[in-house]
Amino acid sequence: MKKLLMGNEAIAYGALEAGVQVVTGYPGTPSSEIFTTLASLAKERGFYAEWSVNEKVALEVAAGAAYAGARAMVTMKQVGLNVAADPLMTLAYIGVKGGLVLAVADDPGPHSSQNEQDTRKFAQFAKLPVLDPADPREAKEMAREAFRLSEELGLPVILRPTTRTCHVCQDVEVVDKTLPSRGHTGFQKGPEWVIFPSLAAQRHIWLNQQQEKAREMLETSPFNTVSPGTGRQGIIAGGVAYHYVKEALALLGLNLPVLKIGTPYPLPVNLVLRFLDQLDRVLVVEEQEPVLEDQLIKLVWQHRRPLVVKGKYNHLVPREGELDTDKVKGILAKFLRIDLPPEEAMSQPPLPVRPPVLCAGCPHRASFYVFKQAAAGSDAIFTGDIGCYTLGNMAPLHAVDTCLCMGASITIGSGLQLAEKERRVIAFLGDSTFFHTGLPGLINAVHNGSKITVVVLDNRTTAMTGHQSHPGLNRNAAGEPVQPLDIAKLAEACGVPLVKVVDPLDYQAALAAAREALEFNGVSLVVMRKECVALVKERKAPRTIDAAKCIHCGLCIEELGCPAISRGEQGPVIGATCTGCDLCRQICPCEAITEGGVIR
Amino acid sequence: MRLDIVIAGVGGQGNVLASRILARAAMEVGLPVRTSEVIGMAQREGAVMSQVRMGAGDYSALIPNGQADVLLGLELAETVRAVTKLKKGAVVIANSATIYPVSVSLGFSSYHPEQLTAFLKERTDSLYLFDATSLANQAGTYKATNMVMLGALSVLDLLPYSADHLRAVMEDVIPPRLREMNLTAFALGRQAVGGA
C-alpha cells in the first residue's frame, strides 16, 4: 500500500521491512522521527526500541545486540555521531554479526544545528560504507538494503539523509504488516570481541580489505543510476542534489547525461569511469564537503583521463549551506557558459523579522527572567546549552552568553570561572541534556571545587526535538512505566552541597531560590521544574490588561518578550495565544494584569 | 497534471497539517506528490513555509522561485515574504489578519499592514484577501485558520480533486473532538471566496 511518508518515517518503514530487532537513538533534528516512528510500532510489531541517554550509549547498546546477530538500528543527528565516535571508530575494526545501521541525519544550512559537518566524511574516516538518499522512497529502500550490506560486509553501515530527505514527504509504497520474526544467531565467545592492540593490528588489515569488497558490491547498486543525455558535458550529482539538477536542466531546456550517486563511499569507480567515457567536461553537484569530487579527481588522475572536473574547487558549487534548484540552475549556467536572463528584481516592502521565539507560557522564560533578576547589578555570565532554551539568548532576555555543544554549559562555565574568578557563572541546561552529557560536567565541577550555579530547566520532556522521553520521566520511549531518576537527588549524590527544586512560574519562590544559589560559595544547583507548555493539556484563560490601571511602563513587553503580548493603541494587549502562565501578572508593578480572558 | 502550492505562515498556525492534507488527498487520487515542511518545536512563532508539489515526478520537494501556481498565506507579512515563489498568473489566497512578532513589540523591526496589502494587490494577478482568523474564531478557534484557507482553496477549481475529497481527507486526519469546528471553518472559508 501507498502512504504519504516523511523521509524519516520512510527510513523507519525500511528498517521494519528489514526485520529490525533493536532500535536505539538520541533525539536530534532532523533525525528524531526515524526513532519515534519505530518506537510507536515497537510493541505491536514485537521489537525493542529505547531512547538512550546519549548517542555513545545508543550505539553501544545497538552494537551489543548486533554482536549477538540481531539486526539493530541507531538514530542520531550529525553532531550526535561525534558523541558516538569513540565506539564507532573501533567497532569498524571489530565488526558486527547482525546488520547494524546508523541512521545519521545531516543538516546543511544549517536549519537547526550548531555546525554543517558532513557524515559522508565521517564514514570515510571510520572506513564504513555510507548511503545518501535523494528522497523518502529511496531512503526506505536504502534503509532496508543497508542491513543486508552490513551483514555481507560484517561492518556497520551509515545511512545519511539530509534535512531535505528527513523532513520532506512523498508517496511511498510500504509493506504495512508484521513480518516473520528473524531470530538471531546468539553471541559466541571468542578473541574477536576483545580489542587488544594485537587484534586491532590484524583487524585493520581486514577493514582495509573490506573497503574494496564494499566498492565491488556497490558497483551494481540500484542507488547509482545514469540518466542518458546528449553532448560531451555531464553531471555527477549526490543525494538530494540529484533532484535539483533534474529540475534545473528542465528549466534550462537542456538534456545532459546525469550520473546519480547514492553510495558516495566507497565510490563505485568502474561505474563512474564508464560514465566518464562519453565526456570531456564533468560538473560535480553535491552539498557540503567535496566527497564525490575528491574521489573523482583522484580517479581521473589515477586513470590519466583528459577530463575537466568542475565543482567546489573552482568555487562553482558552494561548500556551505544548502543547494536548491535555483542555485543549481545558476551553477549549471556558469558551467555551460550560458547567459541567464537577469532575475526580475522585486522590491518588497519592509517585512518584520520573525525568528522563532520561546512559546507564550514557556517556563524557560520565567527561569531566565528570575536569574537575571537575582544576578541584577552583577556581571554574571550565563552559559547555555542545546535545547529550546538556547532561544534565551535573544532579546529581551539575553540570558544565554555561550552555547557550544550538548552538555557544555556546566563545563564551559567551570572553565570561565577559573579565568574570571570575580564573576558569577550560571550554567543553564535542560533535563534531557543534563542526562545526555551534563552529568559528567557536574561531577567534574564538584570534584574540582568549581564555584558555579547550575540551573536545570526541567520541563519534563525533550521539547525541542518533539517531546521525547528521558530518564527523569516515569515513561520510557515505548510508553511503559519506569522508575524516574530524580535530578535533585542525583545532584546531591554527586556531592552538590546546595540543591533547590522550585517552580519557575512561582516568581517569588523561584527568585528566593535563585538568590540563595547565587550567594552560595561552591557548586549550587537549582532544578526549575515546570512541564513544557506545549504538553499542558488543561488550558488556562488568557490574562487581560486593565487599561485603567496600566501605567504604560512597558515592563511586560520589554522584559519578557512574550509573543502573546503586543503593543496596542492603548498600551500593551494580551492575545489569544496567552496560556495564562501568570509570569507577567507577577511582575507587573501596578497590578494591571488580571485573569479573566476567554479560552479559545 | 502538475500543481505547485506554497503555504506561508507563522510557526504554530497549522501550516504542516494543511500541506499534509493537500498532499494526502493528491496521493489518494493517484498523483505522485512531495511536500516540504519546517518541522520542530523551536519553530514556534517563526516564519515557516510548506510546499506541496503534485505530479512533479523526479523533481525535489522544494519549489523553485517563480514556479508556484498557488500561495496560501496564513498571515499577511508571511504571504508577502513568499511572493517570490509565484509564477505569473498564480492564485493567492491570503489571510488579511496579522501576527505581530516580538521583534516589532521590541522595536527592532516594523510592520505596516497597509503597505503590505497594497503590495499584494499590485503584485499578484489573482488575489483573494479576507480575514481568515476572524472566520476561524467564528468557527470556534483561531487555530482553525488553516482549515478556512483550505476551504477557500477548494472552491477555486485549481486542485486535481474535488472539494468533497479534500474535506473527507481532512475529516480523516482531524481528531473526532475537533472535527465539527474544523468542518465549520472549512465551510466558512468556502463562503469567503463565493463558494457554497
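The values are calculated or read from the model by the stated rules, or taken from the named source; none is laboratory data. Just so you know, these numbers come straight off a predicted model, no measurement behind them. Note that each Cβ is placed from the backbone with ideal geometry, even for glycine, and that neighbours are counted across all protein chains shown.
Data for the structure
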item: Failed condition for residue B:104, given (1) assigned to a helix (DSSP H, G or I); (2) more than 7 Å from every other protein chain (Cβ to nearest Cβ); result: (2)
item: Unmet criterion (only one of (1) surrounded by 16 or more Cβ atoms within 10 Å (Cβ to Cβ); (2) touching a residue at least 60 places away in the same chain (Cβ under 8 Å); (3) over 28 Å from residue B:141 (Cα atoms)) for residue A:499; result: (2)
item: Answer from A:411, A:433, A:390 - the residue that is more than 19 Å from residue A:528 (Cα to Cα), outside the structural domain of residue A:28 (by TED's automatic domain parsing) and assigned to a helix (DSSP H, G or I); result: A:411
item: Whichever residue in the range B:115-133 is of a type in the set (Val, Ile, Thr) and out of contact with any Phe, Trp or Tyr (no Cβ under 9 Å at 6 or more places or on another chain) and, among such residues, is nearest to residue B:156 (Cα to Cα); result: B:124
item: Residues satisfying the stated conditions in the range A:39-56, i.e. at pLDDT 95 or above, over 14 Å from residue A:12 (Cβ atoms) and part of a helix (DSSP H, G or I); result: A:55, A:56
item: All strands (runs of 3 or more DSSP E) inside the range B:1-96 with 3 or more residues being more than 8 Å from chain A (Cβ to nearest Cβ) and under 26 Å from residue A:3 (Cβ atoms); result: B:3-10, B:47-54, B:68-73
item: Lone qualifier among A:407, A:384, A:441 - being buried (at least 19 other Cβ atoms within 10 Å of the Cβ) and within 14 Å of chain B (Cβ to nearest Cβ); result: A:384
item: Residue, farthest from the chain's Cα centre (by Cα), within the range A:536-556, restricted to residues that are within 12 Å of another protein chain (Cβ to nearest Cβ) and in contact (Cβ under 8 Å) with a residue 40 or more places away in the chain; result: A:542
item: Residue within the range B:159-173 that is buried (at least 21 other Cβ atoms within 10 Å of the Cβ), more than 28 Å from residue A:350 (Cβ to Cβ) and among the charged types (D, E, K, R) present; result: yes
item: Candidates A:178, A:165 - the one that is touching a helix residue (DSSP H, G or I) at 6+ places or on another chain (Cβ under 7 Å), among the polar types (S, T, N, Q) and at pLDDT below 95; result: A:178
item: Qualifying positions in the range B:133-168 - more than 14 Å from residue B:74 (Cα to Cα), in a helix (DSSP H, G or I) and away from every other protein chain (no Cβ under 12 Å); result: B:154, B:155, B:163, B:164, B:165, B:166, B:167, B:168
item: Residue in the range A:350-373 that is surrounded by fewer than 21 Cβ atoms within 10 Å (Cβ to Cβ), more than 23 Å from the chain's Cα centre (by Cα) and more than 14 Å from chain B (Cβ to nearest Cβ) present; result: yes
item: Whichever residue in the range A:158-182 is part of a strand (DSSP E or B) and of a type in the set (A, V, I, L, M) and, among such residues, is nearest to the other protein chains (Cβ to nearest Cβ); result: A:168
item: Count of residues meeting criterion [assigned to a loop (DSSP other than H, G, I, E, B), buried (at least 24 other Cβ atoms within 10 Å of the Cβ) and not aliphatic (A, V, I, L, M)] in the range A:451-469; result: 2
item: Test result for residue A:287, among the acidic types (Asp, Glu), part of a helix (DSSP H, G or I), outside the structural domain of residue A:134 (by TED's automatic domain parsing) and touching a Ser or Thr at 6+ places or on another chain (Cβ under 9 Å); result: no
item: Test for residue A:237: is it outside any helix (DSSP H, G or I) and either in the same structural domain as residue A:212 (by TED's automatic domain parsing) or under 22 Å from residue A:7 (Cβ atoms) (or both); result: yes
item: Check on residue A:329, assigned to a helix (DSSP H, G or I), away from chain B (no Cβ under 14 Å) and either out of contact with any helix residue (DSSP H, G or I) (no Cβ under 6 Å at 6 or more places or on another chain) or at pLDDT 95 or above (or both); result: no
item: Inter-residue pairs, beta-carbon under 8 Å, first assigned by TED's automatic domain parsing to the domain that holds residue A:144 and among the aromatic types (Phe, Trp, Tyr) and in the range A:13-24, second surrounded by fewer than 24 Cβ atoms within 10 Å (Cβ to Cβ) and part of a helix (DSSP H, G or I), 6+ apart; result: A:13/A:37
